[in-house]
Amino acid sequence: MVDYKLYAEKCFRDEAQAILDLIPMLDDNFNNAVEMIYNCKGKFIVTGVGKSGHVGAKIAATLASLGTPSFFLNPLDAYHGDLGMISTGDVVMAISYSGYTDELLRFLPLLIDRKIPIIGMSSNPDSILGQHSTYHLNIKVDHEADPLNLAPTSSTTTTMAMGDALACALVMRRNFKLQDFARYHPGGSLGKRLLSKVKQYMTKRDLPIVSPSDKVSDTIIVISQNKQGIAVALENGKIAGVVTDGDVRRAMQSKKDVFFDLKVGDIMSTQPKMINQEAKLTEAGEMMRRNNIHSLVVVDDDDHFVGTIDIFSCL
């Protein structure tokens, strides 16, 4: 049987080497391109045909998620009305591996006439695209990973990598933070953690409430029903302490002779870790990780017990 993993390995090595070969070709065109995108007062528009277009759409999406107003425009659509999407203050990045793609080249005069700056991305700085670009980014490869050296493989990889390099540089230039990223991804897990509050994810029904005078043996049932491994002891409406499933196990091991006579007050922690319901979800997760616990008591502004939250709600 043929071991196809060998072909996969060669493909990976060829494409990885193609990316590394881009490093010596980096010059001030890259720095200037980053500054141009950063200082763009309008929109950043990526265009290309075929495989270059597919990669260009991904580059535009990546940049948009990292704070650069970007979208992809097929040059063929520009001839049929979509040119109206481009206006003064915009910057266009045109991608063509050869630098001679006909549909793209017919689009360039329309941009030049409008004095739209062009960042060209091709394998040939002396191509028509390269000559008419404000700044040119070289994505040349020695050969495609395709065994026939025909299908765009290494070349699309270098194109993607150059787009990612621009995105990474712009993250640093903009001083882009996790909170900024979350604003563009409110439905994702990162957005959930950074933008959500504890009260949105805490358990607030059928709370595991016990009294310091309750038997520990009875408290086991309360802890099990809550499924968060915790019971909160209230006395006169105030939090007196917390009992965890770990506290119960340790009591069973160390005080087995008197275990069934123990009260909650005998084993509870009188200084439980608590968090305000208005706190960010990230704060709750960090507090639990820092203290090596998996549940927190949630309180309101008057330190009244209003719920519990576990580490899994913060993921």
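Quick check on my filter: what residues within the stretch 198-250 are among the polar types (S, T, N, Q) and touching a strand residue (DSSP E or B) at 6+ places or on another chain (Cβ under 9 Å)?
Hits for the stretch 198-250 are THR203, SER211, SER213, THR219, ASN226, GLN228, THR244.
For GLY237, all conditions in the list (1) under 45 Å from the mean Cα position of the chain (by Cα); (2) surrounded by 12 or more Cβ atoms within 10 Å (Cβ to Cβ) hold save one; what is the number of the exception?
Only one criterion is unmet by GLY237, namely (2).
Identify, please: which residue in the stretch 258-270 is at pLDDT below 90 and of a type in the set (A, V, I, L, M, F, W, C) and is, among those, surrounded by the most Cβ atoms within 10 Å (Cβ to Cβ)?
Per the criteria, the residue is PHE259.
Give all pairs with beta carbons closer than 6 Å in which a residue from the stretch 43-71 that is in a loop (DSSP other than H, G, I, E, B) meets a residue that is open to solvent by less than 30 Å² (accessible area, probe 1.4 Å) and small (Gly, Ala, Ser); count only pairs at least 6 apart in sequence or on separate chains.
As it stands, the answer is LEU66/ALA167, since those pairs meet every condition given.
When you go through LEU73, LEU22 one by one, which is the residue that is surrounded by 15 or more Cβ atoms within 10 Å (Cβ to Cβ) and modelled with pLDDT under 95?
Details: LEU22 fails: modelled with pLDDT under 95.
Result: LEU73 is the single residue among LEU73, LEU22 that is surrounded by 15 or more Cβ atoms within 10 Å (Cβ to Cβ) and modelled with pLDDT under 95.
Starting from residues that are assigned to a loop (DSSP other than H, G, I, E, B) and open to solvent by 10 Å² or more (accessible area, probe 1.4 Å), keep the ones in the stretch 99-115 and report whichever is nearest to THR134 (Cα to Cα).
LYS115
Between residues in the stretch 289-315 that are farther than 16 Å from LYS204 by Cα and residues that are open to solvent by 90 Å² or more (accessible area, probe 1.4 Å) and not in a helix (DSSP H, G or I), which pairs lie under 7 Å by C-beta distance while being six or more apart or on different chains?
Hits for this filter: ASN291/LYS273; ILE293/LYS273.
For the structure I just gave you, tell me whether ASN291 is exposed (fewer than 12 other Cβ atoms within 10 Å of the Cβ) and not hydroxyl-bearing (Ser, Thr, Tyr).
So ASN291 passes the test.
Name the pairs: first residue in the stretch 17-33 and more than 15 Å from ALA167 (Cα to Cα) and among the small types (Gly, Ala, Ser), second residue modelled with pLDDT of 95 or more and open to solvent by less than 90 Å² (accessible area, probe 1.4 Å), Cβ to Cβ under 7 Å, at least 6 apart or on different chains?
If the second residue must be modelled with pLDDT of 95 or more and open to solvent by less than 90 Å² (accessible area, probe 1.4 Å), the pairs left are ALA18/VAL141; ALA18/SER154; ALA18/THR157; ALA18/THR158.
Test of understanding: among GLU9, GLU35, which residue is closer than 22 Å to ARG114 by Cα and open to solvent by 60 Å² or more (accessible area, probe 1.4 Å)? Steps first, answer last, please.
Numbers: GLU9 fails: closer than 22 Å to ARG114 by Cα.
Among GLU9, GLU35, only GLU35 is closer than 22 Å to ARG114 by Cα and open to solvent by 60 Å² or more (accessible area, probe 1.4 Å).
Please go through the stretch 271-315 and pick out each residue that is in a loop (DSSP other than H, G, I, E, B), more than 18 Å from ASP245 (Cβ to Cβ) and at pLDDT 90 or above.
Residues satisfying the conditions are GLN271, GLN277, GLU278, ALA279, ASP300, ASP301, ASP302, ASP303, HIS304.
Please give the number of the condition VAL34 fails out of (1) part of a helix (DSSP H, G or I); (2) closer than 25 Å to PRO147 by Cα.
Tallying (1) part of a helix (DSSP H, G or I); (2) closer than 25 Å to PRO147 by Cα, VAL34 fails exactly one: (2).
Kindly indicate whether any position in the stretch 119-133 is part of a helix (DSSP H, G or I), of a type in the set (A, V, I, L, M, F, W, C), free of Cβ contacts under 8 Å to residues at least 24 places away in the same chain and open to solvent by 40 Å² or more (accessible area, probe 1.4 Å).
No: zero hits.
When you scan the stretch 271-287, how many residues do you find that are free of Cβ contacts under 8 Å to residues at least 60 places away in the same chain and either farther than 17 Å from PRO208 by Cβ or touching a Lys or Arg at 6+ places or on another chain (Cβ under 8 Å) (or both)?
3
Among the listed residues GLY42, GLY56, GLY50, identify the single one that is over 15 Å from ALA167 (Cα atoms), modelled with pLDDT of 90 or more and in contact with a Ser or Thr (Cβ under 7 Å, 6 or more places away or on another chain). Spell out the reasoning first.
Values: GLY56 fails: over 15 Å from ALA167 (Cα atoms); GLY50 fails: in contact with a Ser or Thr (Cβ under 7 Å, 6 or more places away or on another chain).
Just a single option satisfies the conditions, and that option is GLY42.
Would a scan of the stretch 80-98 turn up a residue that is open to solvent by less than 40 Å² (accessible area, probe 1.4 Å), assigned to a helix (DSSP H, G or I), closer than 25 Å to LYS140 by Cβ and touching a strand residue (DSSP E or B) at 6+ places or on another chain (Cβ under 8 Å)? Don't jump to the end; show me each part of the working.
First pass over the stretch 80-98, keeping only residues open to solvent by less than 40 Å² (accessible area, probe 1.4 Å): 83, 86, 89-96.
Cutting the leftovers down to assigned to a helix (DSSP H, G or I) gives us 83.
Narrowing the set further to residues that are closer than 25 Å to LYS140 by Cβ leaves none.
There is no residue in the stretch 80-98 that is open to solvent by less than 40 Å² (accessible area, probe 1.4 Å), assigned to a helix (DSSP H, G or I), closer than 25 Å to LYS140 by Cβ and touching a strand residue (DSSP E or B) at 6+ places or on another chain (Cβ under 8 Å).
The values are calculated or read from the model by the stated rules, or taken from the named source; none is laboratory data. As the structure is a prediction and not an experimental result, all values here were calculated from the model. All Cβ positions, glycine included, derive from the backbone under ideal geometry; neighbour counts span all protein chains shown. To get the accessible areas, we keep the full protein, side chains included, count just its heavy atoms, and leave off ligands, DNA and RNA. Shrake-Rupley method; radii C 1.70, N 1.55, O 1.52, S 1.80 Å.
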